[in-house]
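Chemist: Handing you this structure, nothing more for now.
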Amino acid sequence: MTTAAPAAVVLDVREVSKHFAGVLALDRVSMELRPGEVHALVGENGAGKSTLIKVLTGVHQPDEGEVRYGGEPVSFARPLDAQAAGIATIYQEVNLVPLLSVARNLLLGREPTNALGLIDQRRMNRIARETLAPYGIDVDVRRPLRQLGLGIQQMVAIARAIAADHRVVIMDEPTSSLEPREVERLMQVVDRLRRDGVAVVYVSHRLDEVFRLCDRVTVLRDGRRVHSGPVAEITRLELVSKMLGRDLADVARARTRFNEHSTDRAAEPVLRASDLTRRHVLDHVSVEIRAGEVIGLAGLLGSGRTETVKAIYGVLPLDSGAVEVGGGRVRAGSPRSAIAAGVALIPEDRKAEGIIPTLSVRDNIVLAALPRLSQAGFTSDRRQDAVVERLMSRLRIKASSPDQRVGELSGGNQQKVLLARMLCLDPRVLLLDDPTRGIDVGAKAEIQALISELADQGMGVLLISSELEEVVEGSDRVVVLRDGAVVGELRGDEATEDGVMALIAAAARETGQTELIDETAASPDGPDDGD
């Protein structure tokens, strides 16, 4: 990586402050962005990163300070004005239209038309395929977007944002849902933007990406800028210290606890999923989880990880197969039956399948437990408040009060609210689908420590993560999937990233997919087998 040469400032944030309901979200924050520069914006969840992005793109207006774009003061009234001026934003949560086709989403507002003024479907589909080709995405662009995996949806959102000419591109956790090969493609896209003189604001909790890709870094903590300078002049340890503002020994201890929790391997399975089958999705998948055990579910995009947990939870209908909890049969296709048996799920897409953004933190937490907290049909505010207070403290949920709307919280705190909701149910089995996606290093360590604590207390945990390192380090056993089928199981010293990729490559060899084997050998991060 080469550091961008000094150039005129394209985007200049000067002493910007922003208040919300008595909370100071930004406190005199300044930041400069130059053409051809990749500028990292980092900090814990709730540090003010999302608020700053929304000020830059017209979602919010600053209470104090100013934003200068191209040397001139600007005040965008809405995001469309920022886009028209040449500022594109790629959000962590996919902001597209799931019911429309991939092609329509890519060209929404820019659809080609024929002589009659109608949308030229054939031309639109051709342009869409050509737009996605550089990203290695080979899908039927006529399919509704919602039928594709979250990683593919994110790549479509990225391709849409970059397809138009922009002077500034803001990327908010762009790799949080991507597989290793997709991340590599995105790195190449960012390098191309740099060469073309486009300024990039890169928000990420993945420090490997920051140090590999970015020229400069600005650190926010509690709404204030605490550091800004060249990436080459700061160490990883120093950067984490500035982000957290606390002793790193606590984080190190939490990490160690995540990797080394105790397990009673002699215990009977608390959950047994047998021969879960759905045509073209799952092929006789079987998984057992013992009390106090963390089982990792590994595989590439489209391998069936999310589908497996959804099938166990009863959200995904099955052609055949069975789920038992504590020896009792769970009614197929019934989340209510799974919940009653003691199964809880934290879904992959918290925005679409988890939080209710217009409700308060309190209401979101107690939502699933209301029947348990009521007597004779009446709920006790005192009992609710006690539960909410205990869980907010335990999970360190940052909110102005339990009455604050969940939609106003950072992504990491929204994830903690979802986890608190599930813990209200005192589950026997916890299904975690990428629980640390888009979460900062401090909150990530806290959640990892909580997973270990829950397992030590006898809960069975099934863990999926887009970061393979997290799966192999935090699990007692790792079940490896490919194309909806189990291709092997690893435990002990065998449970390594190389071990997982070797199983996937062996499965590819058996099916004659030699191109996958070549790609696995060429990349230590491994391949992506598509959606």
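The values are calculated or read from the model by the stated rules, or taken from the named source; none is laboratory data. Because the structure is predicted, anything quoted here is derived from the model rather than measured. Counting neighbours? That spans all protein chains shown, and the Cβs are built from the backbone with ideal geometry, glycine included.
Chemist: Counting only residues that are within 16 Å of the chain's Cα centre (by Cα) and without any contact (Cβ under 8 Å) to a residue 40 or more places away in the chain, which one in the stretch 396-446 is surrounded by the fewest Cβ atoms within 10 Å (Cβ to Cβ)?
Modeler: Thr436
Chemist: Sticking with this structure for a sec: Can you tell me which residue within the stretch 72-104, out of those that are part of a strand (DSSP E or B) and within 29 Å of the chain's Cα centre (by Cα), is nearest to Leu132 (Cα to Cα)?
Modeler: Among residues in the stretch 72-104 that are part of a strand (DSSP E or B) and within 29 Å of the chain's Cα centre (by Cα), the one nearest to Leu132 (Cα to Cα) is Ser101.
The rows are residues; the columns are (1) in contact with a Leu (Cβ under 6 Å, 6 or more places away or on another chain); (2) touching a residue at least 40 places away in the same chain (Cβ under 8 Å).
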| position | (1), (2) |
| --- | --- |
| Lys54 | no, no |
| Val67 | no, yes |
| Pro73 | no, no |
| Arg78 | no, no |
| Ala84 | no, no |
| Gln92 | no, yes |
| Val102 | yes, yes |
| Gly117 | no, no |
| Leu132 | no, no |
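Chemist: While we're on this one: When you look at Glu353, is it at pLDDT below 90 and not aromatic (Phe, Trp, Tyr), yes or no?
Modeler: The answer is yes for Glu353.
Chemist: Let me ask another. Is there any pair linking a residue in the stretch 200-223 that is of a type in the set (Gly, Ala, Ser) to one that is in a loop (DSSP other than H, G, I, E, B) and surrounded by 22 or more Cβ atoms within 10 Å (Cβ to Cβ), with Cβ under 8 Å and at least six apart or on different chains, and which?
Modeler: So the pair list comes out as Ser204/Glu173; Ser204/Pro174; Ser204/Thr175; Gly223/Ala47; Gly223/Gly48.
One line per residue, one yes/no per condition, for (1) of a type outside the set (Val, Ile, Thr); (2) assigned to a loop (DSSP other than H, G, I, E, B):
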| position | (1), (2) |
| --- | --- |
| Glu32 | yes, no |
| His39 | yes, no |
| Asn45 | yes, yes |
| Val55 | no, no |
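Chemist: Return the residue satisfying two criteria in turn: it lies in the stretch 277-323 and is crowded, with 20+ Cβ neighbours inside 10 Å and of a type in the set (Asp, Glu), and of such residues it is farthest from Asp476 (Cα to Cα).
Modeler: Among those that are crowded, with 20+ Cβ neighbours inside 10 Å and of a type in the set (Asp, Glu), it is Glu307.
Chemist: Find the residue count for the stretch 469-496, including only residues that are more than 23 Å from Ala291 (Cα to Cα) and either aliphatic (A, V, I, L, M) or touching a Pro at 6+ places or on another chain (Cβ under 8 Å) (or both).
Modeler: Total satisfying the criteria: 2.
Okay, residues lined up against (1) of a type in the set (Lys, Arg); (2) modelled with pLDDT of 85 or more; (3) not assigned by TED's automatic domain parsing to the domain that holds Gly43:
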residue	(1), (2), (3)
Leu432	no, yes, yes
Gly438	no, no, yes
Ile447	no, no, yes
Glu453	no, yes, yes
Val486	no, yes, yes
Arg491	yes, yes, yes
Asp525	no, no, yes
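Chemist: Could you tell me which numbered condition Val323 fails, if it satisfies all but one of (1) out of contact with any Phe, Trp or Tyr (no Cβ under 7 Å at 6 or more places or on another chain); (2) within 16 Å of Leu432 (Cα to Cα)?
Modeler: It fails just one condition, (2).
Chemist: Please go through (1) surrounded by fewer than 16 Cβ atoms within 10 Å (Cβ to Cβ); (2) assigned to a strand (DSSP E or B) for Lys18 and return the number of the only condition it doesn't satisfy.
Modeler: (1)
Chemist: Moving on. Determine if the stretch 326-335 includes at least one residue that is touching an Asp or Glu at 6+ places or on another chain (Cβ under 9 Å), at pLDDT 90 or above and not in a loop (DSSP other than H, G, I, E, B).
Modeler: Looking through the stretch 326-335, none of the residues is touching an Asp or Glu at 6+ places or on another chain (Cβ under 9 Å), at pLDDT 90 or above and not in a loop (DSSP other than H, G, I, E, B).
Chemist: For residues that are over 24 Å from the mean Cα position of the chain (by Cα) and hydrophobic (A, V, I, L, M, F, W, C), tally how many sit in the stretch 55-71.
Modeler: Summing the residues that are over 24 Å from the mean Cα position of the chain (by Cα) and hydrophobic (A, V, I, L, M, F, W, C) in the stretch 55-71 gives 1.
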